Amino acid sequence: MTCKDGQIPSTGVARSKVAEAKYFGILYAPRINGSSTSLLYPVLLPRKMESVRTGKQRYPSEKKKLRRIKRENPISEIENKDEGFWRLSKLGVVVHKDPGKDYLGICDGLLEAIAKVLEFPVSTMLPAEPFTVVRKSFDARKLLKEPKFVYTMDMEVKKLLDLEPRTWDFISQLEPKVGLIEHLLQERDSGDLISVINNAKKNHNLQTKTKPKIAVVGSGPAGLFASLVLAELGADVTLIERGQAVERRGRDIGALVVRRILQTESNFCFGEGGAGTWSDGKLVTKIGRNSDSVMAVMKTLVHFGAPENILVDGKPHLGTDRLIPLLRNFRQHLQDLGVSYTFLGQKKVTIKFGTRVDDLLVENEQVVGVRVSDATNELHADSQNLRYDAVVLAVGHSARDVYEMLVPYNVRMVPKDFAVGLRVEHPRELINKIQYSALATEVRKGRGKVPVADYKVVKYVDNVNNGETTKSRETSRSCYSFCMCPGGQVVLTSTNPSELCINGMSFSRRSSKWANAALVVTVTSKDFDALNLHGPLAGVEFQREFERRAAAMGGGSFVVPGQTVEDFLNNKLSETSLPSSSYRLGVKAAKLHELFPTHVTEALQHAISMFERETRTSSPIQISRDGNTYESASLKGLYPIGEGAGYAGGIVSAAVDGLYAGFAVAQNLGLYEGGIESVLGKAQKSTGIVKY
C-alpha cells in the first residue's frame with residue numbers, strides 16, 4: 001500500500017511467497033491529486049520473513065553469514081576449466097538493451113554482460129548457442145541508476161570452445177566467486193517428478209507385491225503431489241475432496257460473485273487445486289529456488305501445461321486461467337494411473353468430488369480409515385466408513401472442522417503465531433508510476449517489456465513502548481505486506497455466511513486496473529489469552545471472532561467494511577464516498593480502526609508509512625509429525641502434510657512437502673526402498689520454524 005508521503009518501498013529481485021490468507025475489510029490509501037485512490041480491508045494470516053539484500057545493502061548479520069559460508073565452503077582451485085559448465089550470476093542488462101520480460105533467449109545486451117565477466121573484448125564475437133538462461137528477474141530498486149533485468153546463465157564450455165576457440169584464453173583465467181561465478185562439472189537437471197520416480201523405480205528394481213490402500217484427503221498441491229508419488233509407486237490411492245472439480249467449482253464461484261450464493265463446500269477455499277487455484281498463482285518459494293525438489297515440482301507443472309517460462313522467471317506466476325487447465329491435465333494423469341476420485345456411493349466416478357471427511361476410524365490407537373458423507377448434505381445422514389492402510393491429511397488451513405475432528409483423538413497440535421490486519425487496494429497504474437516512474441508506460445497491462453509493478457514491505461514495531469520502532473525481533477511485532485497482487489482483484493474467501501474473509505487473486509496477464517496487498521501484524525498466544533481463548537485451537541477461534549466482527553461491520557450479505565488510509569490514521573469514519581473497488585459484492589464505510597485490539601491498530605498505524613522488508617506466513621496450527629516418516633507424532637497411520645498441517649505456505653512449498661511425504665508413506669508401507677534424499681536432496685525438516 002502507499003506510504004504516508006505517497007511513496008512505496010522499491011521493488012527488487014527478492015522473491016516472495018504465496019500462502020492462503022484470511023481477509024475481511026478494505027482500506028483506502030492517502031489522497032493523490034486531491035482524490036482518494038486506494039482501499040483497505042481486514043485480514044488474518046499466519047507469520048512471515050525477510051528479503052534479500054546485496055553488497056552494501058546487507059545487514060551485518062547477513063555479511064557475517066556470508067563470511068561463514070565462505071569459510072565452510074572454501075573455493076578449491078579448478079583444474080579442468082574447459083570441462084562442464086560455468087554458472088554466471090547477477091548479469092545485469094538495462095531495459096533498453098533487453099527485448100523484455102517474456103524473452104528468454106540470448107540478446108546482444110546479455111552477450112555484452114557475459115563478455116564483461118569473461119573480460120572478452122568483443123561481445124559480438126560470442127556465439128549465443130553455448131549459453132542457457134537459468135533465471136531472469138527484474139530489478140527496479142530506487143538505489144539503482146536505472147532498472148535492469150538480472151540474469152543467471154549456464155555456459156557450456158566445450159560448445160563455446162568449438163564455436164569460438166579464442167575464448168579459451170579468457171575462460172582459463174576464470175575463478176569462482178561466491179554468488180557470482182560457479183564451476184559445475186555437469187548441468188543440473190532434476191527432471192519432472194514422473195521421470196524422477198520412473199528412474200528411481202528402475203534403479204531400485206521395485207516389484208510391488210501388494211497394493212496398500214491409501215486415502216489422501218484434500219486435492220491442493222500437497223495432496224495432488226502426494227497422490228502422484230504414491231500412485232506412480234503402485235499404491236491404490238483414493239483422493240477425497242470436499243469441494244468440486246474446477247469445472248463445477250468455477251460455476252459455484254460465479255454464483256457467489258454474481259448472486260451472493262455461497263456453497264460452503266465449493267468456493268474460493270474448497271475444491272480441486274485448493275485455495276491457490278482461485279488466488280494469485282504465485283510460484284515463489286523460500287525453500288531453495290534451484291533445489292532439485294523445487295525444480296521437480298516446477299517441471300511437473302510444465303509437464304501438465306504450465307508455460308516453460310516459470311522455470312526461468314525470477315518471480316514465477318501462473319494465474320487462475322492457467323491453473324484450471326493444468327489441474328484438468330493433472331487429474332487425467334492420476335485417473336490413468338488408477339486413482340479413484342470418490343463420490344459417495346460410487347466406486348470410481350472420475351470427475352465428481354463433493355465428499356467430506358467427517359471422522360477418522362481409529363482402532364488400537366491407529367487410523368484405519370475415514371468416515372465420509374456427501375458434502376452437500378449438512379445432516380451427514382448418508383455417512384459411509386471407508387477403510388485404508390494409511391490416511392494422508394492434506395487439507396488447507398480453512399478446513400477448521402478437521403482440526404476440531406482431531407481433538408478427541410488427542411492428536412498433538414501446536415498453536416502458532418499468525419497475523420491479522422487489512423487488505424489495501426490501489427489503482428494499478430498508480431503503483432506502476434511510483435515504482436517505475438517513466439518506465440511505467442512499458443507495462444502495457446501485463447503485455448509490455450517490464451512486469452506489472454509490485455512491492456514487498458515490513459517493519460518491526462515495539463510491543464511495549466507505545467509503537468516505537470525497534471530492531472529487536474524478540475520484543476517486537478512484525479508489520480508486513482503479504483500476497484501482493486499486481487493487476488489483480490479482491491475476492492471473497494468466506495466458507496461461512498456469518499464470517500467475512502477476503503483475499504487477492506489475479507489472472508496470468510495481471511491486466512486488471514487494480515493492485516492489492518495485505519498489511520498485517522503478528523499476534524501471539526498472549527493476544528488469544530486476552531480474549532480468554534486457550535488450547536491448540538485458540539488461534540482458530542481468534543480468527544473466527546474477528547471474521548464475525550468484520551461481517552457485522554459490513555452489515556451482512558458479504559459486504560466488506562472499508563476506510564481510507566487517511567481516515568484510518570486519524571481514527572475517523574470515511575464520511576465521503578469511498579473510491580471504487582474491484583470487490584464486486586459491495587463496500588461499506590466503517591471504522592476499521594475499531595475492529596482489532598488497540599495495540600494491533602496502533603502497530604498498523606505506526607508502520608503504515610515506514611516499511612522496509614518482505615516477510616513470510618504459515619498456518620496458525622502445526623500438527624506434530626515425525627521428521628523422517630511424516631507420520632503423526634501421536635496417532636499412527638495418520639500423515640499430516642502441507643499448508644493446513646503447518647508445514648508449507650504456498651503452492652510450491654506445499655507441493656514439495658507432498659512429494660516428500662508421498663515417498664515417506666511409500667517407504668513405510670514397503671512400496672519404495674530407496675532414499676528420497678539421494679534423488680531430490682534433503683527435505684526442509686520442520687521443528688516449528690518452516691521456510692516457505
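State the number of residues belonging to the stretch 370-384 that are open to solvent by less than 70 Å² (accessible area, probe 1.4 Å) and either aromatic (Phe, Trp, Tyr) or over 34 Å from the mean Cα position of the chain (by Cα) (or both).
Number of matching residues: 2.
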Query raised in the report: Quick check: is even one residue across the stretch 138-156 among the charged types (D, E, K, R), open to solvent by 30 Å² or more (accessible area, probe 1.4 Å), at pLDDT 90 or above and outside any loop (DSSP other than H, G, I, E, B)?
Result: yes
Query raised in the report: Can you tell me which residues in the stretch 562-591 are in a loop (DSSP other than H, G, I, E, B), within 16 Å of residue 490 (Cα to Cα) and of a type in the set (A, V, I, L, M, F, W, C)?
Result: 578, 585
Query raised in the report: Which one is surrounded by the most Cβ atoms within 10 Å (Cβ to Cβ) among residues in the stretch 89-129 that are in a helix (DSSP H, G or I) and polar (S, T, N, Q)?
Result: 123
Report task. Might you check whether a residue that is assigned to a loop (DSSP other than H, G, I, E, B) and small (Gly, Ala, Ser) occurs anywhere in the stretch 246-261? Result -> no
Query - Test result for residue 517, open to solvent by less than 10 Å² (accessible area, probe 1.4 Å) and at pLDDT 95 or above - result: no
Query raised in the report: Under the condition of being over 19 Å from the mean Cα position of the chain (by Cα) and in a strand (DSSP E or B), which residue from the stretch 394-420 is modelled with the lowest pLDDT?
Result: 415
**Report entry** Scope the stretch 303-314; condition touching a residue at least 60 places away in the same chain (Cβ under 8 Å) and crowded, with 19+ Cβ neighbours inside 10 Å; matching residues
**Finding:** 313, 314
Report task. Specify which of the listed residues (402, 443) is within 30 Å of residue 569 (Cβ to Cβ) and out of contact with any Ser or Thr (no Cβ under 9 Å at 6 or more places or on another chain). Result -> 443
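To keep it simple, each residue is scored yes or no on (1) more than 21 Å from residue 481 (Cβ to Cβ); (2) at pLDDT below 90.
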{"residue": "627", "(1), (2)": "yes, no"}
{"residue": "640", "(1), (2)": "yes, no"}
{"residue": "643", "(1), (2)": "no, no"}
{"residue": "648", "(1), (2)": "no, no"}
{"residue": "656", "(1), (2)": "yes, no"}
{"residue": "662", "(1), (2)": "yes, no"}
{"residue": "679", "(1), (2)": "yes, yes"}
{"residue": "687", "(1), (2)": "yes, yes"}
Query raised in the report: When you look at residue 277, is it under 17 Å from residue 643 (Cβ atoms), without any contact (Cβ under 8 Å) to a residue 60 or more places away in the chain and among the polar types (S, T, N, Q), yes or no?
Result: yes
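The values are calculated or read from the model by the stated rules, or taken from the named source; none is laboratory data. If you're wondering where the values come from, they're calculated on a predicted model, not measured in any experiment. Cβ sites come from the backbone with ideal geometry, for glycine too, and all protein chains shown count toward neighbours. Side chains included, ligands, DNA and RNA excluded: accessible areas come from the protein's heavy atoms. Shrake-Rupley method; radii C 1.70, N 1.55, O 1.52, S 1.80 Å.
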